[in-house]
Amino acid sequence: MACAAAIVQPEPRQDGTPFVKVVSARNLGGNGCPDGKFGTSLNPDNNTIVLDFGAYNTFIGLSNPGDTRERFCDYAVTFQYPVGCTTGIILTDIWGTVKLSKGHVGTFHAEYTASPGDVGQPAAQNLDFTNADYGINKGVDFRRIQEVTVTERIQNENERNVEFTARTRLFLTAPGPEEGSDFSLDSIHISARDQRVC
């Protein structure tokens, strides 16, 4: 006589908060993350994934062609949610380096969606970097954070995998190309934080 396999539901943590697991990430394309220049690593607790970029770099200056001042990369991270209503933050922890000439500005732009699910406002966010903080005399490592509120109403086992998609762009603006600037994104650490039953 065959026994039916029991479906194991993820249990809330001991503090009562639901556990949202990171499953995987994939490259959706872009000149900032060409094939062979995009990697991922998942931590042992399955709560953070790191995206590594080997070519998400922008440059501006007399020795650089104009098409190096802007790059883009789209990616998707799959999270596994428990059945029921869960709301909380998807945190994107962004690491890179920047060196800016006077008047030059570096911008990281991202637009976020979740399928299925609802993304809180603003779904699009910018991080701006100016010469006042990141001057020409040295390249400066930076770490900046974007937080996106995501609400999931998972009705059955088949809906538990949620795809969190980001369409990102890295670009430099300048009054003129007389001096050089560099703006690079090295990695993004992505995790689900402050999850709670809604």
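How big is the charge dipole of the range 59-163 about its Cα centre, in debye rounded to the nearest 20, if each Lys and Arg gets +1 on its Cβ and each Asp and Glu gets -1 on its Cβ?
Using Cβ point charges on Lys, Arg, Asp and Glu, the range 59-163 gives about 540 debye.
Output the direction-averaged projected area (hull surface divided by four) of the convex hull of the alpha-carbon atoms of the range 31-89, in nm².
Mean projected area of the Cα convex hull: 6.2 nm².
Placing +1 at every Lys and Arg Cβ and -1 at every Asp and Glu Cβ, with all other atoms neutral, what dipole size does the chain have around its Cα centre, in debye to the nearest 20?
That gives a dipole near 60 debye.
Suppose all protein chains stay in the model; what accessible area per residue would a 1.4 Å probe give for the chain, in Å²?
52
Step through the residues of the range 111-120 one at a time and calculate ³J(HN,Hα) from phi using the Karplus curve (6.51 cos²θ - 1.76 cosθ + 1.60, θ = phi - 60°), rounding each to whole Hz and writing x for Gly and Pro.
Karplus values, whole Hz, x for Gly and Pro: 10, 10, 9, 9, 9, x, x, 10, 9, x.
Mind grabbing the accessible area of LYS37 for me, 1.4 Å probe, Å², rounded to tens?
Spelled out: LYS37, probe radius 1.4 Å, area about 100 Å².
How big is the accessible area of ARG196 in square angstrom, nearest 10, if you roll a 1.4 angstrom probe over the protein chains?
130
Restricting things to alpha carbons, find the Rg to Rh ratio for the chain using the Kirkwood radius for Rh.
1.08
What part of the accessible area of the range 91-178, given as a whole %, is carbon or sulfur when the probe is 1.4 angstrom?
44
Scan around ARG69 for amide H atoms under 5 Å from its own, H built in the peptide plane at 1.01 Å from N, and keep only partners 5 or more places away or cross-chain.
PHE59
What does the charge count near ARG160 come to, summing +1 for each Lys or Arg and -1 for each Asp or Glu among other residues with Cβ under 13 Å from its Cβ?
Neighbourhood net charge equals -2.
The values are calculated or read from the model by the stated rules, or taken from the named source; none is laboratory data. Just so we're clear, the structure is a prediction, and the values are computed from it rather than from any experiment. Every residue, glycine as well, gets a Cβ built from its backbone with ideal geometry; the counts of neighbours run over all protein chains shown. What goes into the accessible areas is simple: the full protein's heavy atoms, side chains included, and nothing from ligands, DNA or RNA. Shrake-Rupley method; radii C 1.70, N 1.55, O 1.52, S 1.80 Å.
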